[in-house]
Amino acid sequence: MAVLTTNAPATRGWYKRNEIAITPWLFLLPAVLFFAFYVIIPIGQSFWISFHQWDGLGEKTWVGTANYERLLGIGDQNMDRKFQVSFWNNIRWLVLYLLAIPMGLFIALFLNQKVFGIRLYKSLFFFPFVISQVVVGLVFSWFYLPNNGAFDQIVGLVGIDISGGVLGNPNTATYGIIAAGLWPQTAYCMILYLTGLNAVDPEQVEAARLDGAKGWRMLWFVILPQLKPATFIAFVVTIIGALRSFDFIAVMTNGGPFGSTRVLSFYMFEESLSEFGFRMGYGAAIAVVLFFIMLGFIAYFLYSMWRDEQAAR
């Protein structure tokens, strides 16, 4: 009687045994490499350069923490006055730029309705987001022109006279630039919230209505908790936008008048690359300080999101 024999399957290779675990990482590998090459490595290089005195072309000279001591006024040195102005301007940007989030939310709530012409309204509110920030800066520069600008004409009707115009007055220039930045930033937050409102559970809304919730109670206890992911993204993007507000300042005032509108990103550019600077080490030290400020805010919001998710389990 013939006995049928079957060859035992060959031992599977290492990749086949781990295929399910490895395959996702193969898809992620190009993005990880790009992120490491264009983000992680440059951050490390900025840290390294900040400990040197360097003009960007010649040999680097190791100076240790001297750049940070000069920047922050450690030891016998006074804090850099330009850095002080830039830092407090960044704080103003952070506080006032966050107004884009509630404004974007309320515009999104208004547009999330079925009324005649709502698509036209959405397009008009969306329009600032698709315009280049340089163009927005130029438009607001014309808007703020002293004597001939629309803003001067409007405030003149109520008897307000701003000496030198909005952008020519050190007391108002920063706030004028922030107002220009809020226009497209509010549009971006509006888009995030419109997307989030489409994902709101209608059953929860209906149940809240049956319980008598409406108006602010409905918004606070039912709608906003479901918009947490959109709010998180809006906070992170708005904070990053406030801290890297270079383009508006470069276009509208170039740091003036008298350096009153400088922020850390613009001051970093002045020290590193402008005709007055080429102090790459000092500019890198400013960049490191800005990086840690940004990292602190983002880490706080990431921790808050993680804590909320843990509490919801």
* Failed condition for L243, given (1) modelled with pLDDT under 90; (2) aliphatic (A, V, I, L, M); (3) surrounded by fewer than 19 Cβ atoms within 10 Å (Cβ to Cβ) -> (3)
* Given the conditions (1) surrounded by 11 or more Cβ atoms within 10 Å (Cβ to Cβ); (2) out of contact with any Phe, Trp or Tyr (no Cβ under 7 Å at 6 or more places or on another chain); (3) in a loop (DSSP other than H, G, I, E, B), and given that Q45 satisfies all but one, which numbered condition is not satisfied? -> (3)
* **Close pairs from the range 146-172: first farther than 18 Å from A250 by Cα, partner part of a helix (DSSP H, G or I), Cβ under 6 Å, at least 6 apart** => P146/D152; G149/F143; A150/F143; F151/F143
* **Yes/no for S265 being of a type in the set (G, A, S) and within 14 Å of the chain's Cα centre (by Cα)** => yes
* Asked: Which one is farthest from P102 (Cα to Cα) among residues in the range 228-240 that are in contact with a Leu (Cβ under 7 Å, 6 or more places away or on another chain) and either surrounded by 19 or more Cβ atoms within 10 Å (Cβ to Cβ) or not β-branched (V, I, T) (or both)?
  -> I239
* Asked: List pairs: first in the range 179-196 and farther than 10 Å from G104 by Cα, second surrounded by 24 or more Cβ atoms within 10 Å (Cβ to Cβ) and of a type in the set (F, W, Y), Cβ under 6 Å, 6+ apart or cross-chain?
  -> A180/F248; G181/F248
* Asked: Could we say that I74 is among the β-branched types (V, I, T) and either outside any helix (DSSP H, G or I) or more than 28 Å from I286 (Cα to Cα) (or both) here?
  -> yes
* Asked: Restricting the range 277-292 to residues that are modelled with pLDDT of 90 or more and in contact with a Gly (Cβ under 9 Å, 6 or more places away or on another chain), which is farthest from K82 (Cα to Cα)?
  -> M280
* To do: Taking A242 as meeting all but one of (1) out of contact with any Asp or Glu (no Cβ under 9 Å at 6 or more places or on another chain); (2) without any contact (Cβ under 8 Å) to a residue 24 or more places away in the chain; (3) closer than 23 Å to W142 by Cα, write down the number of the exception.
  => (2)
* To do: Report whether or not N171 is on the phi > 0 side of the Ramachandran plot and of a type outside the set (V, I, T).
  => no
* Could you list, in sequence order, the residues of the range 142-182 that are out of contact with any helix residue (DSSP H, G or I) (no Cβ under 9 Å at 6 or more places or on another chain), within 30 Å of V130 (Cα to Cα) and of a type in the set (A, V, I, L, M, F, W, C)? -> I154, V155
* Single unsatisfied condition, V155 versus (1) farther than 30 Å from G259 by Cβ; (2) surrounded by 12 or more Cβ atoms within 10 Å (Cβ to Cβ) -> (1)
* Which one is nearest to the chain's Cα centre (by Cα), of the residues in the range 96-111 that are over 20 Å from A180 (Cα atoms) and surrounded by fewer than 17 Cβ atoms within 10 Å (Cβ to Cβ)? -> L109
* If you go through the range 116-133, how many residues are polar (S, T, N, Q), more than 14 Å from I191 (Cβ to Cβ) and either surrounded by fewer than 15 Cβ atoms within 10 Å (Cβ to Cβ) or over 17 Å from the mean Cα position of the chain (by Cα) (or both)? -> 1
* To do: Restrict the check to the range 49-56 and report whether at least one residue is within 17 Å of G281 (Cβ to Cβ) and of a type in the set (S, T, Y).
  => yes
* Which residues, counting only those in the range 249-305, are of a type in the set (A, V, I, L, M, F, W, C), under 18 Å from N171 (Cα atoms) and surrounded by fewer than 15 Cβ atoms within 10 Å (Cβ to Cβ)? -> F258
* May I ask you to list the residues in the range 185-219 that are surrounded by fewer than 15 Cβ atoms within 10 Å (Cβ to Cβ) and closer than 21 Å to A100 by Cα? => T195, N198, W216
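The values are calculated or read from the model by the stated rules, or taken from the named source; none is laboratory data. The model shown is predicted, which means the values in this text are computed figures rather than measured ones. Backbone-built Cβ (ideal geometry, glycine too); neighbour counts: all protein chains shown.
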